[in-house]
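What follows draws every value from the coordinates through simple rules; no lab data is involved. As the structure is a computational prediction, the values presented were derived from the model and not from experiment. Neighbour counts are summed over all protein chains in view; Cβ atoms, including those assigned to glycine, are modelled from backbone coordinates with ideal geometry.
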Amino acid sequence: MATMQDNQTWSGRFNEPVAELVKRYTASVDFDKRLALFDIQGSLAHAEMLAGCGIISAQDLKDIRRGLGQIESEVVSGDFVWQLDLEDVHLNIEKRLTTLVGDAGKRLHTGRSRNDQVATDIRLYLRSAIDDITLLLKGLQTALLDLAQHHTHTIMPGFTHLQVAQPVSFAHHLMAYFEMCQRDVERFCDARRRVNRLPLGAAALAGTSYPIKREMVAELLGFEAVCQNSLDAVSDRDFAIEFTAAAALTMTHLSRLSEELILWMNPRFGFIDIADRFCTGSSIMPQKKNPDVPELVRGKTGRVNGNLVALLTLMKGQPLAYNKDNQEDKEPLFDTVDTLTQTLRIYADMMRGITVKPEAMRRAALQGYATATDLADYLVKKGLPFRDAHETVAVAVRSAEQRGVDLAELKLEELQEFSDQITDDVFGVLTLEGSLAARNHTGGTAPQQVEAAIARARKLLAS
Ligand code: ARG
């Protein structure tokens, strides 16, 4: 016979203690203890409701409050003793509560299962993580705006295929990332609505026979609604998958920006410098200054993508309702939250530590015939069909290339060899400034438009 000590949680049902290896294999306390404060919060609301519905006494509620209050301070101070034997965060806290307050502690689990309890804890945890993340994203957006503000007239080459394409302002380029971050914020806010539903009351899977009031618990915990089906409430983790997908997209955006920072910092570009505090040197090459932070962001994006695949795979084969598989949702989720929050925290600061080198950007924009499209558009405005204009300019570019000069450096007579439609007003469109100013519509790179975009963005952040 197993003693209470050997298999104390399940006791009566079992003939032998859980094997030591199995205990370690099935225990989750090492990682789910970070849910402790949310577990306590959920238990307090549950107890409140049990007392409100007359399922436990007012004295029980008082004892439970006192016990959980003490446990909370033990957890916060680090004095709480976590026991692997007690498997997970829920059983550890319940056991301690019973030690502290006796029978009232044993009554807390009335009308509840760890299945709806853990689903509630993760939702509370994720809701708070989402709130942190959206704040951090807004911080990064502000850093992008603050930098963009000074560079609506700083011209750099815009690229397609990483080849010089058309001139854009550095501000316009930064504002592209503002837009990506804005969609990220919206995705998290949207996911939050589905995270913010209460599973408690679903109990193990079918609901409970006690006269509970789920809406009361929802209100106490700040949930917008209660999950409408008990089987679904305890088993699906789509809200966690959705969150991780949003996180993977945010990391992907940051990874793209990182790739650009790395290129821009390379002396062959020389567009920017990243503050020393975000870089490291080499142990062998004394001249090196490496963009470690952007490189790590790029690398850590792989981790978050991996977490998304892990969670999707975790879910795909599970029959209703709860299965122990779901215990494996926590580590990928925690890792995603940690990776993303740490990345965002560093990133906003790193963007503020960037030194911009406008002359290098300008020099690069002057190479590669960035205003060729402007010349074609100029010819179209003089009456040529676009395809003919395109061909005419292609010939002009080849010729300029052979002479080793930019289009704007050709003399008027030389340009007129390609088309007799060209007159001396052509030089206005061949300059970088002319090219930018011409793209004067919503979403275009004209300084006036980018300034308006920045103003709109500021308003959005303030709202
Ligand atoms: N530690 C478990 C988890 O993370 C709690 C729920 C366990 N429920 C159960 N019936 N074994 O999912």
Which FRET efficiency value, to the nearest 0.05, do you get for L21 and E186 by plugging their Cβ-Cβ distance into 1/(1 + (r/R0)^6) with R0 = 45 Å? 0.45
In whole Å, what is the distance between the alpha-carbon centres of the stretch 110-187 and the stretch 231-257? 14 Å
Put in order of increasing Cβ neighbours within 10 Å, starting from the fewest, I272, I64, I284 give I284, I272, I64
Answer in debye to the nearest 20: the dipole magnitude of the stretch 381-463 about its Cα centre, from +1 Lys/Arg and -1 Asp/Glu charges placed on Cβ, is 740 debye
Dipole in debye (nearest 20) - the chain, about Cα centre, beta carbon charges: Lys, Arg +1; Asp, Glu -1: 680 debye
Binned at 5 Å from 0, what are the whole-percent values of the Cα-Cα distance distribution for the stretch 37-85, short to long? 5, 21, 24, 21, 15, 9, 4
Against the longest alpha carbon principal axis of the chain, how many degrees, from 0 to 90 and to the nearest 10, is the axis of helix 114-149 turned? 20 degrees
Shape descriptor, the stretch 125-170: equivalent ellipsoid semi-axes (Cα gyration tensor, sqrt 5λ, whole Å, largest first) stand at 33, 15, 4
Note the direction-averaged projected area, equal to a quarter of the hull surface, for the Cα convex hull of the chain, in nm². 30.0 nm²
Scaled to the compact-protein estimate 2.2 N^0.38 Å, what is the alpha-carbon radius of gyration of the stretch 1-148, rounded to two decimal places? 1.29
Output the 0 to 90 degree angle, nearest 10, between the alpha-carbon long axis of helix 372-381 and the longest principal axis computed from the alpha carbons of the chain. 70 degrees
What share of Cα pairs, in percent, lie more than 18 angstrom apart in the stretch 110-186? 60 percent
Just to confirm my numbers, what's the Cα centroid distance between the stretch 326-369 and the stretch 72-103 in Å? 40 Å
Helix-only mean residue ellipticity at 222 nm for the chain, each DSSP H run of n ≥ 4 adding -39500 (n - 2.57), per residue, nearest 500: -20000 deg cm²/dmol
Taking other Cβ within 10 Å of each residue's Cβ, how do C53, C279 sort, fewest first? C53, C279
With the convex hull built on the Cα atoms of the stretch 124-265, state its orientation-averaged projected area in nm². 10.7 nm²
To test your reading of the geometry: what angle, between 0 and 90 degrees and rounded to tens, separates the Cα axis of helix 386-403 from the longest principal axis of the chain? 70 degrees
For the stretch 204-324, rounded, prolate or oblate, judged on the Cα gyration tensor with a ≥ b ≥ c (square roots of eigenvalues), a/c < 1.5 rounded, else prolate if a/b > b/c? prolate
For F170, F14, which order do you get if you count the other beta carbons within 10 Å of each Cβ and list the fewest first? F14, F170
